[in-house]
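Let me begin by presenting the structure, written as structure tokens, before commenting on it.
The values are calculated or read from the model by the stated rules, or taken from the named source; none is laboratory data. Quick caveat, the model's predicted, so the values are computed rather than measured. Positions of Cβ are generated from backbone atoms using ideal geometry, with glycine treated the same way; all protein chains shown enter the neighbour counts.
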Amino acid sequence: MAAEFKTPEYRPFPTVPEMQPGAMSHLKPFVASEAVQTNIGFPGKLEEGWEGRAIDKMGELLGKYRSLKVFMDSCVHCGACTDKCHYFIGTNDPNNMPVARQELMRSVYRRYFTLPGKIFPKLVGAKDLTKDVLDQWYSYYWQCSECRRCSVFCPYGIDTAEVTMAARTIMDHIGQGQKYSNEILGKVHKIGNNLGLPGPALFNTLEGLEEDVKEDTGVDVRFPMDVKGAEVLLVTPSADFFAEPHIDSLIGYAKVFHAAGVSWTLSSYASEAGNFGLFNGSYEMMRKVAMRIRTAALELGVKRIIVGECGHAWRVAYAFWNTLAGIGAGANDPFAIELQKQLDPNCKQPTHICEYTWDLIQQGRLKFDKEANDHRIITFHDSCNVARGSRMGDSPGGQFEIPRNIIRAVANKYYDMSPETIREVTFCCGGGGGVLTDDLLELRVKGAFPRMEALNRLKEDHGVNFMATICAICKAQFTKVLPYYGFKMNNVGGVHQLVSTAIVLGNEH
Amino acid sequence: MNVIFAILFYLATLILVGGLAYKIYDFARTPAPLKIPTTPAPTTAPGVVLRMAREVIFFESLFKSNLWIWAFGYMFHVGLALVLMRHLRYFVDPVGPILAFIQPFGVYAGFAMVAGLGGLWARRFLVARIRYISTPSDHLMLALLIGIGLTGLGMKFLMHTDIVTVKAFFLGLMRFEINPLPAHPGVYLHLGLVALLMIIFPISKLLHAPGVFFSPTRNQVDNPREARHVAPWAAQLDSGK
């Protein structure tokens, strides 16, 4: 697998890179084994007649998703997106230009679903779906992190993520799934979280955390699990339970709940906020994963659901949970009524942990010793799914302001990275969308390049040594790739890690 | 020739209107199962109308992404809009004061349109990334539009034709009468290219015109927590549970 590759070098003046066709055509993630595939209901392997099944599936998706249909028809090849993808900037491979990535599917769409493509394939760039084309699909639709940066810049709002999701769905349904994502989906269905941590292991971890925090602060901060009748259900990415630096944010959430004096609980059944169904574009899969949270909320009888620091999880929770599982407000169908009766209508359902903490800060219910963070010179990395696929608070753009407000409330030294690399035009960490696997390490390192350049400028200008973020994937990705660019692994961490450092706790409860 | 052009224009109009109507119906009937506005997005319906208006009138997203493409594209589209308005005089009688007022602007617009197209075409050759993604049909589309523009300008400035007769031809078509067209190569070429454009409109990338209005990333309200959004095919999953 991981062949030798060169880490991109910082450029004095970032310009649009020269194209190197085929530069990344060698890179493909491991294909899911028969066992992994069949475990989640997909065909085990690519078998004869797959072309027809793929085209049938494409036709089905075109009928189910307006996004796909409109996006297939609307692109004019204007080129506005060509220099916007972090993977193109980091790899120079023209197939990583959003339009070219879409074109891998659009050329097939034209051939089978449009008149000109049937009559004059060459003229309009239409192609038969051959094994070569499928190989390109597998390679390049797994070199997209579904970060939606291109969709900001497209004059028709074409979102390559939607095309990538459709391509991955089609490939899943013909037996060409990706090992990493489909293994994880199997685990979450069976055990309840992406990492496959069983309930007892989680209990042990949480007990250990209680002891650690007691030792650290002298305060009895609880990490409750499966507590019926708690007010808040916290759903957080399972990486928060054991990975560094994720766990420091989990400690931060617990301290916030402690300081607020609110009863809360985790759920061993729904011990995962992440939802890899999104990455594969499968509505049914995504729904099945989301239903676990609904079930847990009903069983535990909570009034409020709060989501921890995780980018795509927040997109799914904020934008899709209401649709998928009736977690939200305004639903009047029988399906969601049971849950509506139980959840507190005065709270946003679901609430992001940052919304929750910021509310408490505004109410003056949290106390901070900001100097405790003085060893950190901080910046904030907007995670793609939060920035472009969700919101926090009441007004558009709250997803940018609220985390920054929290950081400024708990720390003294803060700088933003260059404006063309943050907020709605933020660069993906390079590891999102189901590519956070070592068989794609080359892609991950190269994809992080634009973010690393922006961070490095800040390091040179202001000595920034801590990039805060609110995404489990960003944290894992940066921990791995920061050293390739001359940073330390611990230069990345969570917003609630900063909260945890500065929060002043009494033994009031 | 008159009969050929009459049939051609009836046919082209039928294909343009019927094809577009079908495509719009097709876009409209296909559900968008999930809330996927590119955020930050408006949280109210009027906000979405405003966002869409900025997109359609000013090409806001394109402005953010690439000033060259925006400038040439904007020149072409605004030019084309004015030129089309100017051409309304071939279809209404008498010509009203507003239509009369915009006539001279329509002429400048003709130049802007061709210049914009020229710029867009030049980019397809000069910018490696755009050369890479261009298909033969992308070039032909630009050639077709430039052809229409140049033949139109040619008849205005180089080889005049009898536009009164042209107008009588089109007014006649609208009453299902076939009147003669001037036997003029410029007229034949111009009208032939226009008819071709009308015919390929509903089966080509020109569908971006209706498409932009149906783009879920731009036309959805950002209110998923406040209102449940479920597509009919997805609602069936709920009842099956």
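General remarks:
- Of everything in the stretch A:334-359 that is of a type in the set (S, T, N, Q) and more than 8 Å from chain B (Cβ to nearest Cβ), the residue that is surrounded by the fewest Cβ atoms within 10 Å (Cβ to Cβ) is A:346.
- Hits in the stretch B:31-56 - residues which are more than 7 Å from chain A (Cβ to nearest Cβ), closer than 18 Å to residue A:66 by Cβ and more than 25 Å from the chain's Cα centre (by Cα): B:45
- Residue match in the stretch A:386-395 (condition: small (Gly, Ala, Ser), outside any loop (DSSP other than H, G, I, E, B), in contact with a Lys or Arg (Cβ under 6 Å, 6 or more places away or on another chain) and surrounded by 24 or more Cβ atoms within 10 Å (Cβ to Cβ)): yes
- In summary, helices (runs of 4 or more DSSP H) completely within the stretch A:55-122 and bearing 2 or more residues that are more than 8 Å from chain B (Cβ to nearest Cβ), without any contact (Cβ under 8 Å) to a residue 12 or more places away in the chain and out of contact with any strand residue (DSSP E or B) (no Cβ under 9 Å at 6 or more places or on another chain) occur at A:115-119.
- Qualifying position, being within 14 Å of chain B (Cβ to nearest Cβ), more than 19 Å from residue A:384 (Cα to Cα) and not in a helix (DSSP H, G or I), among A:270, A:331, A:290: A:331
- Residues in the stretch B:20-30 that are facing chain A (nearest Cβ under 8 Å) and either over 21 Å from residue A:62 (Cβ atoms) or assigned to a helix (DSSP H, G or I) (or both): B:23, B:26, B:27.
- Within the stretch A:321-363, the set of residues being without any contact (Cβ under 8 Å) to a residue 40 or more places away in the chain and in contact with a Leu (Cβ under 7 Å, 6 or more places away or on another chain) comprises A:323, A:326, A:327.
- So residue B:69, is it in contact with a helix residue (DSSP H, G or I) (Cβ under 8 Å, 6 or more places away or on another chain), within 24 Å of residue B:217 (Cα to Cα) and either among the hydroxyl-bearing types (Ser, Thr, Tyr) or assigned to a helix (DSSP H, G or I) (or both): yes
- Flag: residue B:194 matches the condition of being under 24 Å from residue B:118 (Cβ atoms), more than 10 Å from chain A (Cβ to nearest Cβ) and part of a helix (DSSP H, G or I).
- Failed item in (1) part of a helix (DSSP H, G or I); (2) charged (D, E, K, R); (3) more than 22 Å from residue B:72 (Cα to Cα), with residue B:226 passing the rest: (1)
- Assessment of the stretch A:124-137 against the conditions (within 14 Å of chain B (Cβ to nearest Cβ), in contact with a helix residue (DSSP H, G or I) (Cβ under 9 Å, 6 or more places away or on another chain) and among the aromatic types (Phe, Trp, Tyr)) yields no matching residue.
- Lone unmet requirement of (1) of a type in the set (A, V, I, L, M); (2) within 9 Å of chain B (Cβ to nearest Cβ); (3) surrounded by fewer than 22 Cβ atoms within 10 Å (Cβ to Cβ); (4) part of a helix (DSSP H, G or I) for residue A:372: (2)
- Residue in the stretch A:1-17 that is surrounded by fewer than 23 Cβ atoms within 10 Å (Cβ to Cβ), of a type in the set (A, V, I, L, M, F, W, C) and either under 30 Å from residue B:33 (Cα atoms) or modelled with pLDDT of 95 or more (or both) present: no
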